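Have a look at the structure below before the remarks.
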Amino acid sequence: ERGRECSRAARCWRDRSSMRIKRHKAVRKTLRFFHVNFGFREPYKVLVDGNFVHAVVASGNGDVEATLSKLLMGNVRAFTTRHTLHELQGMGREYRATLEGARRLERHKCSHDKAQTAAEAIKGEIGDRNESHFFVATQDKDLQRYLSKVPAVPIIFKTVNGVSLQKPGVGLQNYVKRASEAKMGVQDYEKGMVGMGAARE
């Protein structure tokens, strides 16, 4: 009986270890995609909203920045906004620990003062192209769907199995492919023009 229990425990350990390795490989692949195609580099900047902080705190880990650093396997600067803090302040005692967790993060000064909600503030900071190279950590499904349509926005979210980094969708991969092909086309054209100039000489 004890032997069977040990065997089951060993299998469970191997399964968890295998899943962990697979997750790390998937994260590395996604990070490389954003590094090569969009120039993301350490320290990674992450915009964090209140519901993500709450999900991390509720799991028993109040250190959001350390959680993100572990996921991304590198140096991280985690930011919140005054809109997020304001929303958490209005949510009562149940969110006191979440508010404290959010207050430990750097506060990003929003360039869009007209934003009415935390989600709107994040949308405003990301803009059309995410030129500041932000990751966004959120549990808000509507915000995730919106950001998925903007090129170059890596999305982080909490699941029952831990914190995850969303893989680039087919649309984003096609966008990168088209941009790469267009760039190669321009380079080939320029090479041709140089070649024509040399031939004339």
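Quick one: what are the phi-derived ³J(HN,Hα) couplings along region 140-153, Karplus 6.51/-1.76/1.60 with θ = phi - 60°, whole Hz, x for glycine and proline?
6, 4, 5, 5, 4, 5, 4, 5, 5, 8, 9, x, 6, 10
Looking at the calculated P(r) for region 63-116, what percent of the C-alpha pair distances fall above 19 Å? Display every interim value, and only then the final one.
Details: 537 of 1431 pairs.
In whole percent, the long-distance tail amounts to 38.
Identify, among 121, 92, 147, the residue whose Cα sits farthest towards the positive end of the charge dipole of region 83-152, taking +1 on the Cβ of Lys and Arg and -1 on the Cβ of Asp and Glu, with the dipole about the Cα centre.
92
How large is ³J(HN,Hα), in whole Hz, for each residue of region 59-70 in order, when computed from phi with the Karplus curve 6.51 cos²θ - 1.76 cosθ + 1.60 and θ = phi - 60°, using x for Gly and Pro?
7, x, 10, x, 8, 5, 5, 5, 4, 5, 5, 5
How large is ³J(HN,Hα) for each residue in region 95-111, as worked out from phi by the Karplus curve 6.51 cos²θ - 1.76 cosθ + 1.60 (θ = phi - 60°), to whole Hz, x for Gly and Pro?
10, 4, 5, 5, 4, 5, x, 5, 5, 6, 7, 5, 9, 7, 7, 6, 8
List the residues, sorted by chain then number, that are 5 or more residues from residue 135 or on another chain and whose placed amide H is less than 5 Å from its amide H.
Residues meeting the criterion, in which the H sits 1.01 Å from N, are 45, 46, 47.
For region 76-145, compute Rh as the Kirkwood radius over C-alpha pairs and then the Stokes-Einstein diffusion coefficient at 20 °C and 1.002 mPa s; write the answer in µm²/s, rounded to an integer.
Details: Rh = 12.8 Å.
Stokes-Einstein gives a translational diffusion coefficient of 167 µm²/s.
Just so you know, all these numbers are worked out from the coordinates, no wet-lab data involved. Note that the coordinates shown come from a computational prediction; the quantities given were computed from them, not determined experimentally. Cβ atoms come from the backbone with ideal geometry, glycine included; neighbour counts cover every protein chain shown.
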